[in-house]
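Visitor: Can you read through this structure? Questions will come right after.
The values are calculated or read from the model by the stated rules, or taken from the named source; none is laboratory data. What you are looking at is a predicted structure, and each value in this text was computed from that prediction instead of being measured. Using ideal geometry, Cβ is built from the backbone for each residue, glycine included, and neighbour counts are taken over all protein chains shown.
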Amino acid sequence: MRYVGPFFAATASSRFSKGARAQLLCAVATFAMGSVAAHADVIRLQVLGSVSPDSASESCASSTGCILTGNIRINNLTGAVISADVIAIGFSPSVGPFTDPSAPHISAGLTDLEIATAPVFTSEVALVFSTPRLGSLVGYTGGPLSTVTGVVDKTGDHMWNLTVGFLTETTAFAPIPEPSTWAMMLIGLGGLGLVGYRQTRKGQAASA
């Protein structure tokens with residue numbers, strides 16, 4: 001016997017009850033929500049830190065000091081860095097913005113995430129912090145930055161060192177449902193429409 005899927009089998013019956021229709025709709029919604037939840041692992045980390053010059057050849061604006069701020073998007077299931085946009089405020093000479101992340105690695109017994117300028121390398125920030133898995137962002141959801149964190153220009157002549165800073169999870173990004181999820185939802189909704197149409201036709205025939 002040829003296998004008939006549950007949604008098609010349900011729509012094949014003109015006696016499909018309201019309760020069965022509700023169960024079908026719930027099944028579709030549950031499947032879709034489960035698929036989305038399984039992929040809700042992309043998070044945004046807000047960067048906020050205060051740094052100080054390493055020597056007299058660097059300085060910070062008197063009104064703001066030297067501030068690092070911005071956002072980093074990661075997949076904390078795989079540990080991948082999706083994107084980065086970190087700016088440096090009040091730095092002299094000016095550095096950043098930092099938009100080109102490298103793969104995390106181990107430095108000073110902690111996880112080091114280096115983000116450089118792009119497309120031309122002129123400076124970079126090294127964010128150093130503790131993670132559940134050393135050298136990886138898997139399972140990471142934010143925390144304090146180590147004072148090993150710093151900013152350096154491409155010559156290495158100008159450096160700034162972190163005074164205090166944090167990576168804070170701000171928003172979970174809602175993932176776009178996959179094609180298979182959309183297909184299942186459309187099949188279910190289409191089945192409901194077909195059942196409604198057949199019941200309407202049956203009612204009209206009975207009253208004729």
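Visitor: Does SER180 satisfy the criteria of being at pLDDT 85 or above and not charged (D, E, K, R)?
Guide: Numbers: at pLDDT 85 or above: no; not charged (D, E, K, R): yes.
Judged against the criteria, SER180 is not a match.
Visitor: Assuming LEU192 fulfils every condition listed in (1) modelled with pLDDT of 65 or more; (2) buried (at least 17 other Cβ atoms within 10 Å of the Cβ); (3) more than 22 Å from GLY49 (Cβ to Cβ) apart from one, which condition is it?
Guide: (1)
Visitor: Look at THR147 and say whether it is surrounded by fewer than 17 Cβ atoms within 10 Å (Cβ to Cβ), part of a loop (DSSP other than H, G, I, E, B) and polar (S, T, N, Q). Before you say what the answer is, go through the steps one by one.
Guide: On the way: surrounded by fewer than 17 Cβ atoms within 10 Å (Cβ to Cβ): yes; part of a loop (DSSP other than H, G, I, E, B): yes; polar (S, T, N, Q): yes.
Yes; evaluated as a whole, the condition is true for this residue.
Visitor: Let me ask something else about it. For the stretch 70-95, give me each residue that is touching a residue at least 40 places away in the same chain (Cβ under 8 Å) and more than 21 Å from THR170 (Cα to Cα).
Guide: PHE91, PRO93, VAL95
Visitor: How many residues are assigned to a strand (DSSP E or B) and either crowded, with 16+ Cβ neighbours inside 10 Å or of a type outside the set (S, T, N, Q) (or both) if we restrict to the stretch 79-95?
Guide: 10
Visitor: While we're on this one: Would you confirm whether any residue within the stretch 124-137 is over 19 Å from the mean Cα position of the chain (by Cα), more than 20 Å from ASN76 (Cα to Cα) and not acidic (Asp, Glu)?
Guide: yes
Visitor: If you don't mind, there's one more thing I want to ask. Could you list all residues from the stretch 96-139 that are in contact with a Phe, Trp or Tyr (Cβ under 8 Å, 6 or more places away or on another chain), in a loop (DSSP other than H, G, I, E, B) and surrounded by 14 or more Cβ atoms within 10 Å (Cβ to Cβ)?
Guide: Result: THR117, THR131.
Visitor: If you scan the stretch 94-150, which residues turn out to be more than 20 Å from VAL42 (Cα to Cα) and acidic (Asp, Glu)?
Guide: The answer is GLU124, and nothing else.
Visitor: Within the set of pairs 6 or more residues apart or between chains, which connect a residue that is touching a residue at least 60 places away in the same chain (Cβ under 8 Å) inside the stretch 119-134 to a residue that is surrounded by 12 or more Cβ atoms within 10 Å (Cβ to Cβ) and not in a strand (DSSP E or B) with Cβ atoms less than 7 Å apart?
Guide: If the second residue must be surrounded by 12 or more Cβ atoms within 10 Å (Cβ to Cβ) and not in a strand (DSSP E or B), the pairs left are LEU127/THR149.
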